[in-house]
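Presented below is the structure to which this report refers.
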Amino acid sequence: IGFKEKSSRRIVDVPFCHIATPAINDALEHIRNEKREEAKAGKLKKPTKGATLLLRDSDGMVETDPKSYVNATVGDLVFRFQAGNFFQNNPFMLTKMVDLVVTAATQKSPAGEDMTHLIDCYCGSGLFAIGSSSSFDVCVGIEVNDKAVEEARENAALNGIENCAFVSASAEAIFKSNNPVRVKTNKNDLKQVGSYEINDIETSEVLVGDFPRDTTVVVVDPPRKGCSEEFLEQLDEYKPQRVVYMSCDPATQARDAKFLVSYGYEVVSIQPFDLFPQTRHIECLAVFELNKNK
């Protein structure tokens, strides 16, 4: 019971993980014993293929059922999600990561303007959009996983956040979508499709493509394969002032960076995060600013 050896199908036994939390290692010992007993009794569901074990540390409690809900505290915010869904799993670095994304996103533009709108692509259960919401007029997240979108909406409500909207679709659909999103906005803030009041809160339906490009930030946190060419082409057509790119694979991030630079963006900063010490895996935050003089 452990991990596959690099470039091999052989399983390397891992009785104790040196980069896991004490709670996970305690639970791992119990689960290893439990699975061995199941194997001896012939109770494993797929004995020839094996299975993936989940150990999700949630505030000191370890959840092993991927369908159970857990909470994660990030600064002053609480996120609730299914244990088996994707969520950054280094709690010691998570708040720092979100803070640096927010700091990068909220810097004034080169023209000295405040950034007012944020589009969070590949948003998952809303980590960056919700984490940035207090600094923007409007935040919109897009995610292809329907369950994650449902969780993002619930997390916004859980934290009392009203200026975030979440869309269930592929990232490639966000800029050309003709479906308006419903958000809390200020009067004359956007080109509106329609507006009305709910409990004295002005709510507007707006198209993401109508967000003011000079004060809009696009946050991208794609899977390991990076962004698709279709998405990057639409990003070029829309041309937001800033792109904040979090990546779990610097190689695909570097590939996508070449496209962004060719579109007129400049690399402002790069910050790696060593979430998994003693492994080759890192997260990397790169910030791109549009140079309108090019």
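Long hydrophobic helices in the chain: none of the complete DSSP H runs spans 27 Å or more by Cα along its own axis with mean Kyte-Doolittle hydropathy of at least -0.5. Packing, as the average of other Cβ atoms within 10 Å across residues, places the peptides 114-124, 210-220, 97-107 in the order 114-124, 210-220, 97-107, highest first. For the pair ALA51 and ASN33, label points projected 7 Å from Cα toward Cβ lie 1.9 nm apart.
Computing the accessible area with a 1.4 Å probe over protein heavy atoms, can you report the carbon and sulfur percentage for the chain? Carbon plus sulfur share of accessible area: 50 percent. Between ARG80 and SER109, the FRET efficiency estimated from the beta carbon spacing at R0 = 41 angstrom works out to 0.75.
Expressed as a whole number of Å, what is the distance separating the alpha-carbon centroids of the range 132-180 and the range 23-43? One Cα centre to the other: 39 Å. With 25 Å as the limit, the listed pairs LYS46/LYS147; LYS43/LYS147; LYS147/LYS176; LYS4/LYS96; LYS6/LYS258 have LYS46/LYS147; LYS43/LYS147; LYS4/LYS96; LYS6/LYS258 beyond it between alpha carbons. Largest to smallest in accessible area, the residues GLU34, GLU143 fall in the order GLU34, GLU143 (1.4 Å probe, all protein chains included). Between ASN291 and ASP13, the contour length at 0.36 nm per residue exceeds the Cα-Cα span by 95.0 nm. With the highest mean first, a sort of the peptides 19-27, 283-291 on other beta-carbon atoms found within 10 angstrom per residue produces 283-291, 19-27.
Magnitude of the charge dipole for the chain, about its Cα centre and with charges confined to Cβ atoms of Lys, Arg (+1) and Asp, Glu (-1), is about 1400 debye. The residues of the chain have, on average, 55 Å² of accessible surface per residue, using a 1.4 Å probe with all protein chains present.
The charge dipole of the range 70-184, taken about the Cα centre with unit charges on the Cβ atoms of Lys, Arg (+1) and Asp, Glu (-1), comes to about 40 debye, rounded to the nearest 20. Remark: the THR95-ASP210 segment gains 38.3 nm on full extension, using 0.36 nm per residue and subtracting the alpha carbon distance.
Relative contact order of the chain, taken over Cα pairs closer than 8 Å and 6 or more residues apart, is 11 percent. Normalised by the number of residues in the range 31-188, the average gap of Cα pairs under 8 Å and 6 or more apart makes the relative contact order 15 percent. Whole angstrom only: what separates the Cα centroid of the range 233-294 from the Cα centroid of the range 73-106? Between the Cα centres of the range 233-294 and the range 73-106 lies a distance of 19 Å. Measuring r between the beta carbons of LYS225 and LEU158 and using R0 = 45 Å, the FRET efficiency lands at 0.90. Across the chain, counting alpha-carbon atoms alone, Rg and Dmax equal 21.2, 70 Å.
Dividing the summed helix terms, -39500 (n - 2.57) for each DSSP H run of n ≥ 4, by the number of residues in the chain produces a 222 nm estimate of -8500 deg cm²/dmol to the nearest 500.
Compared with the direct C-alpha span, the chain from SER170 to PHE3 gains 57.0 nm at full extension, assuming 0.36 nm per residue.
Diagonalising the gyration tensor over the Cα atoms of the range 57-173 and scaling each eigenvalue by 5 before taking the square root yields semi-axes of 25, 17, 12 Å, largest first.
The values are calculated or read from the model by the stated rules, or taken from the named source; none is laboratory data. Model, not experiment: these values are computed from the prediction. Cβ coordinates were reconstructed from backbone atoms using ideal geometry, including for glycine residues, and neighbour counts include every protein chain displayed. Each accessible area value is taken on the protein alone, full model and side chains, heavy atoms only, with ligands, DNA and RNA left out. Shrake-Rupley method; radii C 1.70, N 1.55, O 1.52, S 1.80 Å.
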